[in-house]
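Below: one structure, written as structure tokens.
Values in this text are rule-based calculations from the coordinates and carry no lab data. Note that the structure is predicted; figures quoted are calculated from it, not measured. Every residue, glycine as well, gets a Cβ built from its backbone with ideal geometry; the counts of neighbours run over all protein chains shown.
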Amino acid sequence: MNKCIFCKIIERQQPAKIVYEDEEIVAIEDIRPQAPVHLLVMPRKHLPSLNEADGADAPLLGRLFAVAAHLARERQLESRGYRTVINNGPWAGQTVNHLHVHVLGGRVFHWPPG
Ligand code: 5GP
Ligand code: ZN
């Protein structure tokens, strides 16, 4: 089966700007940034979306957000604010089927998100 683009990036078969990695998680810069800071935080494990995560993945999901917050703090985003987003499925605009948290910052974001 063909590997997804994020699995290829995680396995260094495809280039990307990697900004963080540990044994479970990798974070990269988005190739088409929608804000001055736009990072993608993903598990090494290929989970297509939140739909496939189960109770056993709860610690991993928690760690994804802990890493997202760490990266946001590193970029001094915490006082002004920043946005974390997970798009799940076609109506939410998910285009890469490997679970990832967007970390967006450096500008004002509106609500509702549209
Ligand atoms: P989604 O639409 O699935 O929530 O988010 C996918 C994100 O991955 C998009 O923001 C898109 O710009 C980014 N993306 C897609 N392909 C690549 C790639 O090859 N490298 C990097 N760094 N980002 C990518
Ligand atoms: Zn994958």
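Taking the Cα centre of the chain as the origin and placing charges on Cβ (Lys, Arg +1; Asp, Glu -1), which of Gly62, His38, Ser49 is farthest toward the positive end of the dipole?
His38
Relative to the longest principal axis of the chain, what angle (0 to 90°, nearest 10) does the C-alpha long axis of helix 58-74 take?
40
Is there a quick way to get the dipole size of the stretch 1-60? I mean about its Cα centre, with the Cβ of Lys and Arg at +1 and of Asp and Glu at -1; what is the value in debye to the nearest 20? Intermediate results must be reported in sequence, preceding the final value.
On the way: 7 positive and 10 negative charges, 73 e Å.
Magnitude of the dipole: close to 360 debye.
Please state the charge dipole magnitude for the chain, taken about the Cα centre, from unit charges on C-beta atoms (+1 on K and R, -1 on D and E), reported in debye and rounded to the nearest 20.
Numbers: 13 positive and 12 negative charges, 85 e Å.
The calculation lands at about 400 debye.
What net charge do the residues around Pro43 carry, taking every other residue with its C-beta under 12 Å from that of Pro43, with Lys and Arg at +1 and Asp and Glu at -1?
On the way: positive: Arg44, Lys45, Arg63; negative: Glu21, Asp22, Glu23, Glu24, Glu52, Asp57.
That sum, taken over residues with Cβ under 12 Å, equals -3.
Principal axes first, then extents: for the Cα atoms of the chain, list largest minus smallest coordinate on each axis, whole Å, largest first.
42, 29, 28
How high is the relative contact order of the chain, given as a whole-number percent (alpha carbon pairs under 8 Å, six or more residues apart)? Provide the component values of the computation, followed by the final result.
On the way: 151 pairs, mean separation 34.7, N = 114.
Over the chain, the number comes to 30 percent.
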